[in-house]
Each structure stands twice: as structure tokens, then as C-alpha cells.
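Everything on this sheet refers to the single structure shown next.
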There are 2 protein chains.
Amino acid sequence: MSDMPSCQFESRPRRIMMGSSGLQTDFCATCTVRPNSVCNVIDEGDISRLAEAAVETIIPPGRGFIEEGAPATDFFNVTAGTVKLFKALPDGRRQITGFAAPGHFLGLAVSDSYAFGAEAIDTVRVCRFSREKMTELLDDFPKLERRLLEEASNELVAAQNQMLLLGRKTARERVASFLLDQMRIGQPPAGNGGPCRLNLPMTRGDIADYLGLTIETVSRTLSWMRSQGMIEVGKGYAITLLSVSRLDVLASGNG
Amino acid sequence: MSDMPSCQFESRPRRIMMGSSGLQTDFCATCTVRPNSVCNVIDEGDISRLAEAAVETIIPPGRGFIEEGAPATDFFNVTAGTVKLFKALPDGRRQITGFAAPGHFLGLAVSDSYAFGAEAIDTVRVCRFSREKMTELLDDFPKLERRLLEEASNELVAAQNQMLLLGRKTARERVASFLLDQMRIGQPPAGNGGPCRLNLPMTRGDIADYLGLTIETVSRTLSWMRSQGMIEVGKGYAITLLSVSRLDVLASGNG
DNA sequence: CCGATGGATTGATGTAAATCAATGCGTTGA
DNA sequence: TCAACGCATTGATTTACATCAATCCATCGG
């Protein structure tokens, strides 16, 4: 996990001069590690305009940068690190609604306040646009709008899967689904059947809040999977999937 | 619940001649009961083009018309009735991910197969577009694309709320949240504080599958609310909210 | 009119996961 | 070096909800 974004369309991260601030910055909305990023839909000539509109921000681990209910002034594009998105009840119960990896857009609210909070898990880089600037950009770059619609659709599909998980799956099924999802996100060697090493950036508490479980249940379930030879739980945040196929059976409800 | 769509922008449903089929039909994507429908973002001159692209279909209660996993050939706009959207596990466990009322778009999949199933609850009318036609329309009507992005964003917010509900709320909180949501959808007299009569189109089973509960728990919870004087459970599908404020306290987790 | 059917309600019992509680362990900082 | 802290694991106990089961009550077809 380098915190320097790389781009499949360029040999090295591109550095440009930011308009007003004069700061150098890595590319943001136009150059991220995600294959479906706007990289491939924005014309070369438009890039500088996009970049001028953005301000890069580096957010340290644990720092919140979107507060649920606050006025939705900005729009973000994650370029490095992992962000957790969540909603909370007044008594502190918390539901993480998703994790945003590089390439994701945040703050696509229609209302004028944010519907969720966001907090950096590890060191996060975002490019920040004002909402009015964003609206301008949408008017000028139809391809960007198409891209946002695509992203929103993808998130909707993910949200539906998560609703099925939260409403109807058992603890074991939830944890198995989570591990497989994380495997599919952590692209590199892809699922060829062999063991797959994951390096999860989030704590057990985050996983619990994402899966609608408690820390203890997540921990017990991982221990059970270990006892079954399905996974290996390493030091820190490392988990190795030893039998993707058995996890698959579990996750889909056939366990 | 008349099955004839009415439109706030016209005194009576508009009837037009469908291009190829020659059938008469009520207006669809351009004229629904929802205030945020495309009604207000499509120019008058574009209406006939939109209408030509659509085929109206009437779907009887209980009939499914989108199958989870099937090739995503069509795109729909609901014009009357209520549709339930759901995902299922192989052993039959089911999660209803949402209800689509008139004005909603369905089938906004990025992948080439549907991520969810859809079934008519009561008699439903939809306008059906082929996906390729839809893509053409998006190219020609930027306002339609903006409208879809808006709708997707709204659904995303709703999905996040539902994840909080499914992951962290108790049965009582879930049912209270559901009743209040239904109240806000069933617009007419709006929440002025007094009792509010709901006519829910869905069964207890649907409610249970939407809230991640069983039929028995939904029934017991409604009975408990009745015993507390919060609601009145009428014959059939009628429920009257007697104390919106107490339901509100419950729903937000302060009960 | 009446048996069959499907939805809803209510009661008795079981259980998966939450809660309460103790321990270990790696990192941090005085 | 060694508290102090956060995070994780594991065990004992409780509980909210599911499951199993019985009954009621409309609607519907013969």
C-alpha cells in the first residue's frame, strides 16, 4: 500500500502545478489506481481545468473529514488510502455503510447536508471540489457526469448486496462475504484458487460495524474459520484466505 | 389508489399515440405523480421522442418482471402501483431492498445482468425502454442524465439509512422507522402532527423481508405499538399512526 | 352454503449473537 | 523499564428475536 497513487494509463504519477495555491500535487480526479476511474473518459485537453478546480488534502489516520448532517459544501475524490463511511444513532450505535478506496467519489448528496460521516482509516489523500465548482464541471464534462452515474449505479448494487447481508445472512456468512469482497478489491494476483493474502486496513471494530455484528462475534467467527482451516490470521491486519472455494460456499448461504 | 396516473403539471393524464405499436397509452417517463420526476426537466418539444422510445406494460399483482441475474435488456419507469425489489439467497431467504413507487426508474444496472428481482405488489404500470434506446436518450437529453444521477443519489441515501436500520436497529425501531417512511411517501395531508392514515400495499411478509425480521416479529411489534396507543391497526392493509412524535422517538433510537 | 386457502395474530420454546467479563499483547510515552 | 492504553481473543451468561405451532378470519370457488 504505497500512498503514492499510480495510474494504469501513465508510467508514473503525474505532477502538476495547482492554480491558486501554487502547490504541487499528484493527479486526482483524472488519475487514480482504479480501472474505472475518470482517467479513461476525460480528454487530455480537459485535464488542467479539472485539476485547477481541485484542492488536494492529506488526512491523517482516524481523522474525520465529513460530518453527518453538516452542510454539504464539498465533493471529494479519494486518491490514496481507505475511508470509512458511516451513519450513527444518537446513543452511539454505528453502521459503516462502506469503505471508499482510491478512485471513489464522496459527497454526491442531493440534499444540502451530508447523509453520512467519513473518516480516514489510514493516511488518506483526497481531492476536494466545492459543490458549485462540481456542478460547473458536470455541465462542461458530460463524460464526467456519465462516469458519476456509473459509479452511483455500482454503489447501489453494492448497497443492495449489503442489505441482503445485513438483513438475512448469519455471522459466518457475513464474515465470509466480507473477506471475499476484500479479496476482490485487493486486486493484484486475482483469484486463481490458491491462498490469497489480504492486508485489511480496518480494525475488528470497523469490520463489526460494517457487518452489523459485535467485535467479539467477528473475532470468534474468524477463530472458527481458522479452526476449520479456511483462513490464517496473521499478526496485525493480515489475513490469508486458504480456501476461497469453501468461503464462497459459506458466503452464498450454502454452508 | 387509482391505477390511472395523475400528474401535478397537467389537469388530466395525457394520452398519446405510440409509434410502432399504435397503442394508446398514458404518459410515462414524462408524466408521473412524483414531484421530482423528469416532468420538470424535459422540454415540451422532447416529449414525443421520449414517448416513442417507450412501451407501456401493465403488470398484474404478484407478477415478477425482473429476474435477478437475468440479462439486463430493459430499463423501466414506474408510472402506477408499487413494485418490490429484492435479492434472494439460494435457500429462499429474501431481502426486499426497496419499494418503487410511481416516478422511480428501475434497471439502472452497469453490468449486463440485473442485480435484483422486481415484482408487482398491486397492479403496476411501467414504461419499458431497451437499454440501447436508453443510452441514446441519455446522449440526447443531458437533463435526463442529470435527473437519473439525482435519483441514484437519493436511492443511495435511502440505502444507507436502510443499512443502519438493518445493521443496528431493534425490531421496534425498524417498524417505527418503516411506518414513518411510509407516511412521508404517502404524501397527501403531510405530517401536521395529527393522526395519519396509511394504506400499505404490501403484506406483513413483505414488510418482514424489507426490515430483516420475521412475519411474527412484525405482527407482534405492531400489536405492541397498538397496545401502547401509538397506532391503530385496521382491517386489511390500513394502519393509522396516532402518535407520530412517539414513533419518531422510537425510530431514531431514543425509545 | 361450506371447505379450502392465504394472510395475520398470538403463544411456547429454542438459539444465535449480544453482553458482561477476564486476559493477553503490542505500542507508546513518562 | 514499566505503567497505561488500545486492540484482540476467549469464556460465561443473557436476551431479542427466530422457530415451531395453534387459531382466527377473510376471500374464493364449487
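Only a single item in (1) within 11 Å of another protein chain (Cβ to nearest Cβ); (2) over 24 Å from A:ARG168 (Cα atoms); (3) aliphatic (A, V, I, L, M) is not met by B:MET183, and it is number (1).
When A:MET202 is tested against (1) within 14 Å of chain B (Cβ to nearest Cβ); (2) surrounded by 15 or more Cβ atoms within 10 Å (Cβ to Cβ), just one condition goes unmet, and that condition is (1).
Each residue in segment A:101-119 was checked for being out of contact with any helix residue (DSSP H, G or I) (no Cβ under 9 Å at 6 or more places or on another chain) and either at pLDDT below 95 or surrounded by fewer than 22 Cβ atoms within 10 Å (Cβ to Cβ) (or both), and 6 of them qualify. Considering each residue of segment A:120-137, count those that are modelled with pLDDT of 85 or more and open to solvent by less than 20 Å² (accessible area, probe 1.4 Å), and give that number. Residues flagged as modelled with pLDDT of 85 or more and open to solvent by less than 20 Å² (accessible area, probe 1.4 Å) within segment A:120-137 amount to 6.
With respect to the conditions (1) away from DNA strand C (no atom under 16 Å from the Cβ); (2) within 14 Å of chain B (Cβ to nearest Cβ); (3) in contact (Cβ under 8 Å) with a residue 24 or more places away in the chain; (4) not charged (D, E, K, R), A:TYR210 lacks only one, and its number is (1). Are any of the residues in segment A:79-96 over 29 Å from B:ARG168 (Cβ atoms), in a strand (DSSP E or B) and among the β-branched types (Val, Ile, Thr)? Yes, the conditions are met somewhere in segment A:79-96. Selection of segment A:76-98 for residues being away from chain B (no Cβ under 14 Å) and either at pLDDT below 95 or open to solvent by 10 Å² or more (accessible area, probe 1.4 Å) (or both) yields A:PHE76, A:ASN77, A:VAL78, A:THR79, A:ALA80, A:GLY81, A:THR82. So, in segment B:99-116, how many residues would count as being facing chain A (nearest Cβ under 10 Å) and among the hydrophobic types (A, V, I, L, M, F, W, C)? Number satisfying all stated conditions: 5.
Quick one: in segment A:216-237, of everything that is of a type outside the set (S, T, N, Q), away from chain B (no Cβ under 14 Å) and within 12 Å of DNA strand C (Cβ to nearest atom), which residue is most open to solvent (accessible area, probe 1.4 Å)?
So in segment A:216-237, the residues of a type outside the set (S, T, N, Q) come out as A:216, A:218, A:220, A:222, A:224-226, A:229-237.
Pick out the ones that are also away from chain B (no Cβ under 14 Å) and you get A:216, A:220, A:222, A:224-226, A:229-237.
Now drop any that are not within 12 Å of DNA strand C (Cβ to nearest atom), which leaves A:216, A:220, A:224, A:234-237.
Numbers: A:GLU216: 104, A:ARG220: 161, A:TRP224: 62, A:GLY234: 34, A:LYS235: 187, A:GLY236: 59, A:TYR237: 106 Å².
Applying the filter and picking the extreme gives A:LYS235.
Give segment A:205-215 a look and list any residue that's within 8 Å of DNA strand D (Cβ to nearest atom) and open to solvent by 30 Å² or more (accessible area, probe 1.4 Å), or say none. Result: A:ILE215, single match.
A single entry from B:LYS143, B:LYS169 fulfils the requirement of being in contact with a helix residue (DSSP H, G or I) (Cβ under 8 Å, 6 or more places away or on another chain), more than 7 Å from every other protein chain (Cβ to nearest Cβ), in contact (Cβ under 8 Å) with a residue 40 or more places away in the chain and under 27 Å from A:THR214 (Cα atoms): B:LYS169.
The values are calculated or read from the model by the stated rules, or taken from the named source; none is laboratory data. Values in this document were obtained by computation on a predicted structure and should not be read as measured data. Here the Cβ is made from the backbone with ideal geometry for all residues, glycine too, and neighbour counts use every protein chain on show. The protein model used for the area step is the full one, side chains on, heavy atoms only, and it has no ligands, DNA or RNA in it. Shrake-Rupley method; radii C 1.70, N 1.55, O 1.52, S 1.80 Å.
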